Amino acid sequence: MFDSLSERLTQTLRGITGKARLTEENVSAALRDVRMALLEADVALPVVKDFIDTVKRRALGSVVDLSLNPGEAFVKIVHEELVRVMGEANDALDLNTKPPAIILMAGLQGAGKTTTVAKLARFLKERHKKKVAVVSADVYRPAAITQLQTLAAEVGAYFIASSGDQQPLDIARRAVKEAGTQFADVLLVDTAGRLAIDADMMAEIQLLQAELEPVETLFVVDAMTGQDAANTAKAFNDALNLTGVVLAKADGDARGGAALSVRAITGKPIKFLGMGEKTDALEPFYPDRLASRILGMGDVLSLIEEAERKVDKQKAQKLARKLQKGKRFDLEDFRDQLHQMANMGGMGSLMEKLPGMNQLPPGAQAQVDDGMFTKMAVIIDSMTSHERRFPDVINGSRKQRIARGSGTQVPDVNRVLKQHKQMQKMMKKVTRKGGMQKMMRGLQGMRTPGGPSGMSR
Amino acid sequence: MSDTKENGGKGGFWKRLSASLGKTRSQLAAGVGNLLLGEKEIDQEVLDDLETALLLTDVGIDTTQEIMADLSRRVRRKELNDTVALHGALGLLLKELVDPLVKPFEVPAADRPFVIFMVGVNGAGKTTSIGKLARYLKQQGLSVMLAAGDTFRAAAVEQLQAWGERNDVAVVAQGQGADSASVVYDAVQAAESRGIDVLIADTAGRLQAKTNLMEELAKIKRVVQRLNARAPHEVLLVLDAGVGQNALSQVREFDAATGVTGLILTKLDGTAKAGVVFAIARQVRKPIYFIGIGEGIDDLKPFAAESFVDALLANE
């Protein structure tokens, strides 16, 4: 989501790299671009102003560290400041209370509250081994309660029934009781979407909060929100004294300035990012990592974490042993790789986290399409196991059969075979003596701040 | 409480829109209207404040700079001498910008059934807009049928069915997990055989960056075109007024996938001002047929440039 913002900042900062000193002149040019980039990213104007002022003051006032060139020093200041605005660390949920720990959700219509409740329920159940109960106090939107019921069944949360003719306050009271008798550790309370200027509805949720005394009151905000994020976040925070923010729909192409705005204006931590429509698509928010991502340094840390969780270690080790023995990387292995890639959220999600990826021309990134990988796997699935192990036997008529079987065209089959050949070549290089070290060196170069400049040194 | 919401209630609706836009302004340090209130000389500070105010309504940096360049030029040429003149010039400029987006929503008698697709990102307000649009069309004496094409989101079908009941119109559905294209295909067939005037097809919300999901939309369109080459007659993109500059990308990507014919701007009863409409007018030019101003069944109104800009510029 932050691709465009990081692209833009990286471009600006590339200009400043190589200058001898940080002067009023070259800094103000960079700052102007940073301002434009932030505004285009929908960061609220007051937040932008504050951010620019602080960066400028620090950039001009600071003694440049001797080990850094001025460009790097500027990057460091912008980075530190971004981290500061977004909050310094990920605040996990505070569930230390007499169970059930109650979490109240709040937000505008269509922000993504109900989906977030399902994701949170799954997150707490799977990662924290909590028994989770959910209830909906949304008696206004048609089928909102049914939606939560369906999702609860899907994620294995205990669903507390409610209905459209009940009062939200009664629903809440009953739910707390029922969660107690069910020995739930956590009770998630979904609420109707409401406008911050709707006094009646805001009063309603204030009453709900007073009754429930939740340990967490989370504000769900759409990552695509524009300048209004500032007004809305402020109004909700004033009314409810929020404890945290969930940034929903952060997997789109929105530049996500709302994250900065909401954090700066409420002073409340962003705790999670919604990264997809599936119920497992909830990620903890790490401001430092996100700031690095904005500056094009990549989010290597979360990538590693995710890889560890999802990659099938056995298969990976099997492949490694096979390669070490000098065996060839065949189409079976290739297919495994494609599946693992899909497990990790697909190429798009992978690339977003790799350093330097935003340096690729936008066209090149668009070409990487997860659908393509699915298609490739289908093509390989349509081969016989003999063909997968010995791709060289695949002749014209076999290609035609494979294309028919996979619902593709012969050129698509050719493309898969060609890509496999290239992978094979790369694997050979890696397994050759010294190959790995060479590659690691390359990676290290990419990890220095400023990315591309680091690579060219 | 839900009753007053349903009825749309108190005062004219433009008054309500103006009131809600006004509420926002009062929260901001500098609203466009207040800023230019009273006769004052135009100095750099006035221009800077105006730029700020435009940016705060999500007009976007490019469009704001273009508007400011135009106004500043006229100030330099002494064509605009005080803030009152500046106010007038700005209003005129904004109206001229959005005027080409005004287009009445028409259902020609020749096209039966007249097929409408509702598309948009998650949570934009597609299903609610369908409920209101069905009401609007029924009031014009047209028979309406709905297709529950959102087969992905939990209870989306039930939500649409609830709107079907409120409007007393039939809903064609297969349930969660069904193939969306096949639901819409069935519905078009059903509408044909029952002699229905308008079929409105709901679709699952999707972020425009998800290529495979956008491809699915294109597929629904292809499948429906097997029944009727002219369908869908309208593809309406539902845009949340709160969305910032991402709205442009939404219009572009949905247009590329399905050929968007018009927009519905929802949630204009909140504090968001949807200044991005001006950027849309400049860069992507799709007509805005309707605006949504509440959750009630009657809270859908045709878009009017004059009133939209007036509401934005009005003084408290």
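When peptides B:198-208, B:216-226 are sorted by average Cβ neighbour count within 10 Å, with the highest value leading, the order is B:198-208, B:216-226. Shielding of peptide B:149-158 by partners, expressed as the average count of other chain Cβ atoms within 10 Å per residue Cβ, is 5.
Cβ-Cβ distance of A:Glu332 and B:Asp168, R₀ of 56 Å, FRET efficiency by 1/(1 + (r/R0)^6): the value works out to about 0.45. What the Cβ-Cβ distance of B:Ser193 and B:Asp298 gives, at R0 = 45 Å and to the nearest 0.05, is a FRET efficiency of 0.90.
Using the Cβ-Cβ distance between A:Ser28 and B:Arg230 with R0 set to 56 Å, the FRET efficiency from 1/(1 + (r/R0)^6) comes to roughly 0.50.
Kirkwood radius, the range A:155-250, all distinct C-alpha pairs, inverse of mean reciprocal distance: 14.8 Å. Multiplying each eigenvalue of the alpha-carbon gyration tensor of the range B:197-264 by 5 and taking the square root yields semi-axes of 22, 14, 10 Å, largest first, rounded to whole angstroms.
Between A:Asn395 and A:Ala161, the simple spin-label model (points 7 angstrom out along Cα→Cβ) gives 6.8 nm.
When A:Val83, A:Val135 are sorted by how many other C-beta atoms sit within 10 angstrom of their C-beta, beginning with the fewest, the order is A:Val83, A:Val135. Panel values: chain B, Kirkwood radius from alpha carbon pairs, Stokes-Einstein at 10 °C and 1.306 mPa s, translational diffusion coefficient 77 µm²/s.
The C-alpha atoms of the range A:101-286 occupy a region whose extents along the principal axes are 42, 36, 28 Å, arranged from largest to smallest.
Distances between placed amide hydrogens fall under 5 Å for A:Ile102 paired with A:Leu187, A:Val215, A:Glu216, all partners being 5 or more residues away or on another chain. Placing dummy labels 7 Å off each Cα toward the beta-carbon, the span from B:Ala109 to A:His128 is 6.4 nm. When Rg and the Kirkwood Rh are both derived from Cα coordinates, the Rg/Rh ratio for the range A:243-284 amounts to 0.98.
All of the numbers you see were taken from the coordinates with simple rules; none came from a lab. Nothing here was measured: the structure is a model prediction, and the numbers come from that model. Quick reminder, even Gly has a Cβ in these numbers, built from the backbone with ideal geometry, and neighbours come from all protein chains shown.
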